[in-house]
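Enquirer: I have a structure I would like to understand better, so I am pasting it below and will then ask my questions one at a time.
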Amino acid sequence: MATTSSADSTRTALDLVAEAITRLRSTDPTDTAASLLAAWHGFGTAEAAGGFLAQDNADDAVLARNARPVMAAVATRLRDAPSLPYTDEVVETVDGLVPDDFRIPVDDRAAVHHDPDQPVDRSAAGIVRRAILALALELNTLLPQVAEHAADPADRVACEHGTRLAYELGRCWEGRLSSFLGSSRDLGAAGRPRRQPSKNTKRAKKRT
């Protein structure tokens, strides 16, 4: 799951998620290939950010582990879309979870999702966790629109699966697993990927 690397600036996990959200919001849903690529990038960014959270504390490690079947299903389902462009693996270098001077925005459409029924977690981990939820919401917003405009039935099916998986991703990071996640076979349904699993993945490393 690819993203553009930027070696000349210091970036955090939150920066990567915010960039993915911006890309999803700016993508024209009538452009099937661009939309699928933005979604692929978005899911990959969510996975990478979840990996950083898993290193940060035990509770988030559980949430990240719960999300693994979802990401495995994404790798299969979106690959089945014939309009998804091929992308090589990109490695991002990340410095920390959030920028030192970050403040939680008041705009509910900003990078950090906030549930008004829950207390605000102002820790770095809490901010990135809610950013992943915001990213999942953007995926869930874009993909149904892409499905409506896609000319190829296989692209429409991939978008429909992506929509469902984006919802499940959000449920995982909310700590609200549904029965859908009870079976890995349901998530990673039959169908051989069009591309090799060693490719088209997004990895990120933490600067030490």
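Enquirer: I want to confirm something. Restricting to the range 141-178 and keeping residues that are among the hydroxyl-bearing types (Ser, Thr, Tyr) and part of a helix (DSSP H, G or I), which single residue is most open to solvent (accessible area, probe 1.4 Å)?
Expert: Result: Tyr167.
Enquirer: Taking the range 42-96 as the search range and keeping residues that are among the acidic types (Asp, Glu) and in contact (Cβ under 8 Å) with a residue 60 or more places away in the chain, which one is nearest to Asp152 (Cα to Cα)? Reasoning before the result, please.
Expert: Pass one, the range 42-96, residues among the acidic types (Asp, Glu): 47, 56, 59-60, 80, 88-89, 92, 95.
With in contact (Cβ under 8 Å) with a residue 60 or more places away in the chain added as a condition, the list becomes 47, 56, 60, 80, 88-89, 92, 95.
Details: Glu47: 28, Asp56: 42, Asp60: 38, Asp80: 12, Asp88: 24, Glu89: 26, Glu92: 33, Asp95: 41 Å.
Top of the filtered list is Asp80.
The values are calculated or read from the model by the stated rules, or taken from the named source; none is laboratory data. Nothing here was measured: the structure is a model prediction, and the numbers come from that model. Reconstructed Cβ throughout: ideal geometry from the backbone, glycine too, with neighbour counts over all protein chains shown. The area values use the complete protein model at the heavy-atom level, side chains included, leaving out ligands, DNA and RNA. Shrake-Rupley method; radii C 1.70, N 1.55, O 1.52, S 1.80 Å.
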